[in-house]
1. What area, in nm² and to one decimal, does the C-alpha convex hull of region 1-64 cast on average over all directions?
2. Quick check on my link table: of Lys57/Lys96; Lys57/Lys104; Lys56/Lys85; Lys85/Lys105; Lys47/Lys97; Lys57/Lys105, which ones sit more than 22 Å apart, alpha carbon to alpha carbon?
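Only the coordinates and a few stated rules stand behind these numbers; no lab work does. Note that the coordinates shown come from a computational prediction; the quantities given were computed from them, not determined experimentally.
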Amino acid sequence: MDVNTFKVRLAGLPFLSKSEIQSYQQRVTQGRVDPQTLYREALAVHKNRRNQEIYKKRRELERRIVNLPLSGDDLYSLLNIVDDKSNLDDLQNRAKKIVELRKKKDLGQRRAKLSKKSLRRRKLLNASLSRERYFGNPSKILVLVSQIN
């Protein structure tokens, strides 16, 4: 890698400060160190700072959504989305939408269970009423209706 390529590659590392970039460039132009070795060093510093930034954003997002009733899977899927360019406000809004969707889904499942139970009750009641028409015993209908409720 030549010096110009090294300078271009360093410019593509946003987590390095300008003074660090100038220091790396100065060391390369002096010719004491191989550009490839310096680039690996700069890349390691860049990755470390990037990971620190992601860690800070994850902690901040956790702090913002701590009061939302998210499941563990939903929480970790949101936290895994976070990167150095993530907008935490958008992720917080996404968490709120997930909570709303889970509530609707849960409500729908509860309603479905209730409708299945009420459907079974209606079938039992209709069956007992049809039996009553044929057999004529009203006391059994009252017993069946009381058992259903």
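1. 4.4 nm²
2. On the way: Lys57/Lys96 18 Å; Lys57/Lys104 29 Å; Lys56/Lys85 12 Å; Lys85/Lys105 31 Å; Lys47/Lys97 32 Å; Lys57/Lys105 30 Å.
Correct reply: Lys57/Lys104; Lys85/Lys105; Lys47/Lys97; Lys57/Lys105.
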